[in-house]
Every structure is written in structure tokens, then in C-alpha cells.
1. I'd like to compare 470-480, 77-87, 317-327, 230-240: which one has the highest average count of other Cβ atoms within 10 Å, and what's the full order after that?
2. How do L106, L184 line up, fewest other C-beta atoms within 10 Å first?
3. Please go through the residue pairs K255/K308; K255/K307; K210/K325; K180/K388; K258/K391; K56/K388 and name each one whose alpha carbons sit more than 26 Å apart in this structure.
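Computed from the coordinates by the stated procedures, all read-outs in this text should not be read as laboratory data. Model, not experiment: these values are computed from the prediction. For neighbour counting, all protein chains shown are included, and Cβ atoms are generated from backbone atoms with ideal geometry for every residue, glycine included.
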Amino acid sequence: MSAKGITPGPLKPKRIKKPKTSRPIWTPVCFYDKLCPFSSEYRKGSKEQESGTSMKTLIVDDEPISRKILSDLMADFGEVVSTGDGQTAIQLFRDAMASPHPFDLLTLDISMPGMDGRQVLRLIRSLQKAQMAQAQVKTRPLKIIMTSARMNKSVVQECIDLGCDDYMTKPVSPARLQKKLKSLGLRLPGRVKHGETQIHPKVVGKIIEKFNKGSIRLPVLPEIVTQIQDVLNMENPSIDDMVKVVEKDPVISGKLVKIANSPLYRGREAVTDLRAAIVRLGLEATHAAVSAVSSKLLFHSDNASLKKILKEHWTHSFAVACCGKLIAEKISLPNSDTVFLMGITYDLGNVLLLKSIADLSQTASFDDPKLLKAIHEIHTTFGASLLKRWKFPSTFVRLAQIHHWNEYPPGTQTEILVIHLADFLARRIGYGFPGFDINTTDEGTDPALEQGIDQILDLLDIEADTLTRMEEEAKAVIDASGNAF
Ligand SMILES: [Fe+2]
């Protein structure tokens, strides 16, 4: 049944205003509006840059976080223009070439949908040649650095043959970038003051460096979860196959019985043994529940100041997971247990970063707004890498990567929209994340998150008052089920 068919309840519906934006619907918007590089219009600079005395850089990368990291780093040296696609890059390059202030530097991501970095490189070098031949003048030198998450020798050679000057693997650290620019003979102007200066405190820079080298310690997926995944991948998995795996872990077995009896999976009679619990839950929900219980271990630290943050973080993630499951059931999505697990895992990037920072620096202050901002900037990429390594389905990885967008492109998976709505609902009923999340107000709400809600309600065919009526049920389920995990 459509959620629209439900009779309005006594609670007053909260209507959320449509965002006032001229952006096309598929443009993702970051929380730091004034720093947001998600569109090709993104520019940073000062009067000094406008006068043409500092470096002018074009960043081309389809991956928003990488684009933002590079844009912020290069903004220290002058004007930055960035875009996520090759066609726009060519147009921006042409326009600048015809102006008094062409680009000095271009960073070009190799793998992009549509026109890839190599095609853009070939075209830009040929445009330069044509201009030189036509005007019989030497064009202003343009340095081109290719970027990629993975470089192999043959690709590097191909790019060099096509005319690039250098290459860098991502994510890029400030120290490595500066070294690279110097080695290319680029004169680095004095650092430009543009209000928001260093958004990557030293310690986060170090983590990017380590991540880049592959030396960061990513937690491993608990063995029991891997074994459960193996069961699910069997041709005809049975309850007995699942029981055999889970019963090896008495703690998780006990928790599973509690979970099966919690309001989240309520049944008429209490179950008292593991087999009955798995029968009630089903194989998918058993996987989700065991993964959630195992993931909870990640939200623990011996570091006193981190302990509190991680605890709040777990509470928030668990609330999002429960709200996600309830919303999925409300709109009759067949995989509400998968949605539950997505709620538990979508923000693990934050957890991973916080723990890495605590490992690296005993004195790191988790109250430092600069540090929090820097963590926020890159946690989506970290989270996506973790889930990819754990071989989670692509929707989980995608959600981790884009969960801070407040507008979604047509065709975005329904589960991703449900989690966004679940995040909003969880905050509205008091499970926000005010102690850590820099976007969250003292009331636990998140104005940026709310901007996208009308679009999501429309896409999911849910009335705002239906969501309002879910508040009480969601709160009761979260409160009564939390102890089971
Ligand atoms: Fe997040």
C-alpha cells in the first residue's frame, strides 16, 4: 500500500521548505557552502589573484572529495577553478586560453566517466599547438599533472607520451603537492588569505599520507561476518548452515536471541534458542544483526575523550539503522534488513578516522573545530574505502561516499534515499550527534540535511505527515532494542 494512503495522525506534520537553489537537481551540495567545489563555477581567490599575479589552477576530477582536497590545497597559491567532467574542463580551458589569464596548472584525473583524463590531456595539448601555430607565438607554459587513485607504469607512460608533466596518486597530501609543484618549476606565490585557511590540520595530512601509502591500519571484517557472507553466497543456504556458523560464537549467539526478541523483530512468542532466533530473523536479518553487533566493537576506544564520542556515534548510527528499517518496511521495500545494516555502516569513515587520529596522536583534541572539519571533509572517502575492502555491495560503498549530499541524481538507489530520510528522522526524535558532528545544531538537527528532504519524500512517495506519525514508533523501537545489540 502506498504510504500516502495512511490517514493523518494527531501529530502536526512538519513541512520542510524546498531549498532555494538554482542548482540542477543532480548537483551534490556540500555542507561548507562557501567552500563547496562541487560545481564548475567554484572559484576561490582574492584581488591579488584577479590581477593575475598568482597561480591559476584548473582541477578536473569527477570524485567530489578528491576535487575538494586538491582545490583547498591549491587555493593557498591562487585562483582555483574546478570541474567534475572532461567536456567542461575543455571549455574552461578554451575560455581561459582566450583571456588575459590562462591557467598555469591543470590537475587531471585519469579515470572519469565520459571523457577520461587521457582524452582531455590529448585535446588540451593539441589546442595549445594549434594556438601556437596560428598566432606564431609561444603560449604561456601550462603544467599538467595527472592524478589517479591507482597508477600503473603503462598508464603513466601513456600520459607522458600524451604530454603530461607529472603524476600523483590520490589522496594528495599538502607536503607532496608542494614538492611536486616545486619540482615542476612552478613559482609558488605567497600563501593567499581567503578566510578559510588550513582546513587540513597536520594530523589529518599525515593520515592522508599514510592512507595513500596503504599503511593506514584499516580494521578487518570480523571472521564470523565473513563466514555468514559465505553462507549467504551458497546456492541454497539453509537455517542449519547459518546455525553452524553462529553457534561457534556464544556471545553473538546470545545477542542474536535477544535481538530476535527485541521490538525491531518482534514476534508473538519469545524465542529461547539460537535456531528459533535465526528462523524468526531469516538469513538476511541474521547477517545484518551479526554484522551490526560486530561493527559495534569498532565504536570502542580506550582513549577517554574518544570513548564518549564513539558511544554517541553508535547511538546515532543505531537510531538511523532502526529508522531506516522502519521506513523501508513502510514503503514495502523487500530488503529492510539490508537497509538496517546500511544505517550501521554508512558513517564508519568517521569512526575509522577518529581511531586513526587517536593512534597517531595521543594529544589530539577531539573538541578542536578545525580537526572536526578536516575529518568531516574526508570521512566519506575513508568510509567507502573500508566498505569496499570489506567487500560490501556497491550500494553500501556508494552510500558511504555520498551520504552528505543533499540533492540526489535521478536513479539514485532507493536504499540510499531511505537512509538519508532515516538520518533526518533520527535527529528529529533526539538521536542527533551534537557532540561531534559539526553540522548538527544544539538541538541535534542538521539544516543542510533537511534541505534534501522534500525531494526524498517525493521520490519515496511518502507524505511528510506519515513521517511525523512514525516518530513515536521509531523512538519506542530504538529505546527498547538498543540493549540487545
Ligand atoms: Fe557522515
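1. Ranked from most to least packed, the peptides come out as 317-327, 77-87, 470-480, 230-240.
2. Final ranking by Cβ density, sparse to dense: L184, L106.
3. K210/K325; K180/K388; K258/K391; K56/K388
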